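Input: a single structure, listed below in structure tokens.
The values are calculated or read from the model by the stated rules, or taken from the named source; none is laboratory data. Just so it is clear, the model here is predicted, and its values are computed rather than measured. Methodologically, a virtual Cβ is constructed for each residue, glycine included, from the backbone with ideal geometry; neighbour enumeration extends over all protein chains shown. Protein only, heavy atoms only, side chains kept; ligands, DNA and RNA dropped before computing areas. Shrake-Rupley method; radii C 1.70, N 1.55, O 1.52, S 1.80 Å.
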Amino acid sequence: MAVRQADVMVSDMASGTAETGRRLRVFSGMQPSGNVHLGNYLGAIRNWVVQQEQYDNLFCIVDLHALSVPTSPDTLRANIVNLANGMLASGINPAASILFVQSDVREHAELCWLLNSVTQFGELRRMTQFKDKSGGQETAEAVSAALFVYPVLQAADIILYDADLVPVGEDQKQHIELTRDIADRFNARYGKTFVPPQPDIKPQGARIMALDDPTKKMSKSATSPNSYIALADDADTIRRKIKRAVTDSGGEVRGAPDKPALTNLLTIYSLLSGEEIEVIEERYAGRGYGAFKQDLGEVVVQAISPIQQRRAELEADPSRTRAILADGAERAREQAQRKMTLVRERVGLGPGA
Ligand code: AQP
């Protein structure tokens with residue numbers, strides 16, 4: 001019986017090994033583009049912590065990507081440390097995984113340039129995330145070229161390390177498909193060099209929405225701090241933000257497609273407490289939004305406070321985080337340099353074999 005590619009991937013992912021018998025390698029990136037928030041934690045970091053047991057992981061603070069939109073040097077520097085501390089405090093273990101800053105490994109930028117030469121303009125123009133992030137046609141004229149080639153840098157990040165899997169939300173699936181196309185095209189033109197990766201999309205990936213507008217996702221770069229709960233927010237700030245979170249019309253604590261605000265708050269409650277949404281709905285039946293929001297505030301505070309304690313320890317000793325990132329960069333660089341020696345040779349750069 002023929003085995004479908006999808007079946008192979010499922011069994012591979014379950015066992016955590018690639019065809020060659022080595023552990024599957026996973027590349028996960030996050031932009032230092034603002035305050036790390038509850039959405040980043042529930043939608044990504046928390047899963048990354050769990051996957052450390054199963055796979056070989058590279059966790060990358062993708063600072064070059066953060067430069068695709070305007071930022072200031074001081075802000076970027078602060079965001080990098082903020083994200084590193086947030087990831088470490090959440091349970092990313094530098095002894096089990098490689099945690100590093102993208103720009104510390106120059107090969108990402110070099111490979112991006114080489115991949116640009118096998119990427120079509122039309123492919124990039126079709127990326128829905130570019131269309132979303134660049135706004136309409138008029139604003140698109142003024143956005144940076146970096147935002148346009150962002151998916152090529154992302155492809156470089158991934159295939160530089162022969163990553164088999166990339167955990168992403170549904171919105172990033174198109175970028176991973178492009179990464180596969182770029183890897184396949186390069187391989188066809190220059191000989192087998194890269195592993196085309198697979199997206200790892202969790203069946204019910206948690207998408208946490210903004211507290212002040214549940215039609216938009218909770219976002220690091222949001223202008224209003226009331227729209228997100230930062231992992232760095234203190235207990236009172238968290239309680240206040242939840243209290244101020246918008247609700248739907250009516251007074252029932254119930255999730256439904258026409259109740260986006262309550263659906264979002266119930267999702268947060270459920271993910272942090274481990275209770276089913278129906279159980280939570282039942283508990284607050286007839287009790288109104290006030291009691292629910294008050295308890296939700298406590299659920300979030302309880303979940304985040306151990307992270308904050310570890311974060312405070314890291315902040316008290318900045319040299320520790322710096323050392324972890326330097327070590328991570330060295331380990332990533334070793335792999336990246338090996339791959340780039342091959343890539344340069346394949347495309348005809350350098351003296352040749
Ligand atoms: N609201 C969210 N709910 C669930 N998961 C989320 N992620 C981001 N926002 C939510 C996940 O966090 C990771 C961060 O990816 P990123 O830093 O590359 O950028 P992003 O997805 O664009 O995240 P932000 O926070 O919204 O940043 P900005 O404001 O800079 O665009 C990804 O795994 C993402 O799925």
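Here are some notes:
- Taking the 1.4 Å solvent-accessible surface of the chain as the whole, the part contributed by carbon and sulfur is 52%.
- Helix 145-159 and the longest principal axis of the Cα set of the chain meet at an angle near 80°.
- Long-range HN-HN contacts of residue 200 with modeled amide H, under 5 Å: 166, 168
- Seen from every direction in turn and averaged, the convex hull around the alpha carbons of region 248-353 projects onto 12.6 nm².
- Cβ-derived FRET efficiency at R0 25 Å, residue 109 paired with residue 181, nearest 0.05: 0.75
- A convex hull fitted around the alpha carbon atoms of region 149-307 yields 137 Å³ per residue.
- FRET E, pair residue 170, residue 319, Förster distance 41 Å, beta-carbon r, rounded to 0.05: 0.55
- Length-normalised contact order of region 48-189 in % [C-alpha pairs under 8 Å, at least 6 apart]: 28
- Heavy atoms of residue 217 accessible to a 1.4 Å probe, total area in Å² rounded to 10: 100
- Charge tally around residue 186: other residues with Cβ under 10 Å, Lys/Arg +1 each, Asp/Glu -1 each, net +2.
- Sorting 75-82, 105-112 by average packing, meaning the other beta carbons within 10 Å per residue, from highest down gives 105-112, 75-82.
- Each stretch of four or more DSSP H residues adds -39500 (n - 2.57); spread over every residue of the chain, this sum gives -16500 deg cm²/dmol at 222 nm.
- Sites residue 140 and residue 249 - FRET efficiency at Förster radius 35 Å, r taken between beta-carbons, to 0.05: 0.45
- Note on residue 294 and residue 23: the model spin-label points, each 7 Å out from Cα along the C-beta direction, lie 4.7 nm apart.
- Using alpha carbons only: equivalent-ellipsoid semi-axes of region 112-172, gyration tensor based, whole Å: 22, 15, 9
- On Cα atoms only, tilt of 73-90 relative to the major axis of the chain in degrees: 70
- Straight-line reach from residue 293: taking Cα to Cα under 21 Å and skipping same-chain neighbours fewer than 8 places apart, the lysines in range are 216, 217, 241, 243, 259.
- Overall form of region 159-233 per C-alpha gyration tensor (a/c, 1.5; a/b vs b/c): prolate
- Separation between Cα centres of region 38-54 and region 176-203, rounded to whole Å: 24
- Solvent-accessible heavy-atom area per residue, rounded to whole Å², over region 65-167 at 1.4 Å: 44
- Most positive-pole-ward Cα, 343, 232, 58, against dipole of the chain from beta carbon charges: 343
- Across the chain, the relative contact order, built from alpha-carbon pairs under 8 Å that are at least six residues apart, equals 20 percent.
- Rounded to 10°, Cα long-axis angle of helix 235-244 versus longest principal axis of the chain: 80
- The chain - Debye-derived log10 I(q)/I(0), Cα point model, q = 0.09, 0.12 Å⁻¹: -0.54, -0.95
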